1. Regarding residue 134, is this residue charged (D, E, K, R) and buried (at least 24 other Cβ atoms within 10 Å of the Cβ)?
2. Residues being in a helix (DSSP H, G or I), in contact (Cβ under 8 Å) with a residue 24 or more places away in the chain and among the basic types (Lys, Arg): count how many of those fall in segment 139-196.
3. Does segment 46-68 include one or more residues that are surrounded by fewer than 14 Cβ atoms within 10 Å (Cβ to Cβ), of a type in the set (D, E, K, R), at pLDDT below 85 and under 30 Å from the mean Cα position of the chain (by Cα)?
4. Has segment 235-246 got at least one residue that is touching a Leu at 6+ places or on another chain (Cβ under 8 Å), among the β-branched types (Val, Ile, Thr) and surrounded by 14 or more Cβ atoms within 10 Å (Cβ to Cβ)?
5. Going residue by residue through segment 113-132, is there one that turns out to be assigned to a helix (DSSP H, G or I), without any contact (Cβ under 8 Å) to a residue 24 or more places away in the chain and either assigned by TED's automatic domain parsing to the domain that holds residue 249 or over 23 Å from residue 221 (Cβ atoms) (or both)?
6. For residue 280, work out the one condition from (1) surrounded by 14 or more Cβ atoms within 10 Å (Cβ to Cβ); (2) assigned to a strand (DSSP E or B); (3) modelled with pLDDT of 95 or more it doesn't fulfil.
7. Checking the structure you have, find out if any residue of segment 187-203 is of a type in the set (Lys, Arg), crowded, with 19+ Cβ neighbours inside 10 Å and either modelled with pLDDT of 90 or more or out of contact with any helix residue (DSSP H, G or I) (no Cβ under 8 Å at 6 or more places or on another chain) (or both).
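The values are calculated or read from the model by the stated rules, or taken from the named source; none is laboratory data. This structure is a prediction, so every number in the text was calculated from the model and none was measured. Every residue, glycine as well, gets a Cβ built from its backbone with ideal geometry; the counts of neighbours run over all protein chains shown.
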Amino acid sequence: MDIRSELSDFLRSRRSRIPPEAHGLPGGGRRRSPGLRRAEVAQLAGISVDYYIRLEQGRAGRPSSSVLDSLARALLLTAGERDHLYLLARDQNAPRPSAAAEHVRGGVRRLLHVLFPTPAYVLGRRMDVLAWNDAASALFGDFSAMPEDRRNLVWHLFRVPAARSLYPEWERVARQGISHLRVSAARHRDDPGIAALVAELGGTSPEFRAMWAMHDVEDRSSGRKTFDHPVVGRLTLDYEALQLHDGPDQHLVTYTAPSGSASQRGLDRLAERCARRVVVVGSAGAPEPAP
């Protein structure tokens, strides 16, 4: 596939479908093709006509993020089309607005219900638990009883004493959590929430400061963790972190054990302790009764 040709065809196709009236420009008159003229796109995007022509001809090299974002607005691109534009023009995913609130779709919330009794939750870009099922609360603690801004896995590791009892390999888990947070901090350099979390933990925990200073980075999507649960004892569980398609900074995380194992029997006992009526809750909305 010729990437330059793909970019050229994509820009022309998006330009041709936008009526001038969509931007308050006069329509009608003699137009050689439907949609916006090249000069109109350039004006709306704040770039020179010559530069836009070179872009549309695949001769502009590697355009900046600001240019691509301006083009996305001028061409009224959807989030998926903006991603596609970045991949064609820069061979990378489009950056996400870091300060935007994170929301979990209703369908994902229902999926958490369907996954019960498997512990499952949705993790956001700041390592916040955004939504969960009752099995996850039984394993990690009652998320619904925590303040919304304290449903953060890294914060709990360093600020909640019970975390050191829950994880017999606490230091390894803590290093891994910090490594994930550092990757996210690099992706979202202007996210005030990440900066505030790092500042708070750095000011209250010498261990966090020492681990953060190591600059370890890790973006692992699967692995194994051991728990010393106060009710069911030792559990060795495999986790999977699956990236959600419409929220690339959100991951659906599940914890499982081999069938018939002692750890699976422990999860079964935890499930028995949960209320029969499972309610999926989360910071992105009100409780949603199970269907």
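1. Numbers: charged (D, E, K, R): yes; buried (at least 24 other Cβ atoms within 10 Å of the Cβ): yes.
Criteria met by residue 134.
2. 4
3. Yes, there is a match, as at least one residue in segment 46-68 is surrounded by fewer than 14 Cβ atoms within 10 Å (Cβ to Cβ), of a type in the set (D, E, K, R), at pLDDT below 85 and under 30 Å from the mean Cα position of the chain (by Cα).
4. no
5. Applying the first criterion (assigned to a helix (DSSP H, G or I)) to segment 113-132 yields 113-115.
Imposing the further condition that a residue be without any contact (Cβ under 8 Å) to a residue 24 or more places away in the chain reduces the set to 114.
Narrowing the set further to residues that are either assigned by TED's automatic domain parsing to the domain that holds residue 249 or over 23 Å from residue 221 (Cβ atoms) (or both) leaves 114.
Looking through segment 113-132, at least one residue is assigned to a helix (DSSP H, G or I), without any contact (Cβ under 8 Å) to a residue 24 or more places away in the chain and either assigned by TED's automatic domain parsing to the domain that holds residue 249 or over 23 Å from residue 221 (Cβ atoms) (or both).
6. (3)
7. At the first step, the residues of segment 187-203 found to be of a type in the set (Lys, Arg) are 187, 189.
Then keep just the ones that are crowded, with 19+ Cβ neighbours inside 10 Å; that gives none.
Checked segment 187-203: no residue is of a type in the set (Lys, Arg), crowded, with 19+ Cβ neighbours inside 10 Å and either modelled with pLDDT of 90 or more or out of contact with any helix residue (DSSP H, G or I) (no Cβ under 8 Å at 6 or more places or on another chain) (or both).
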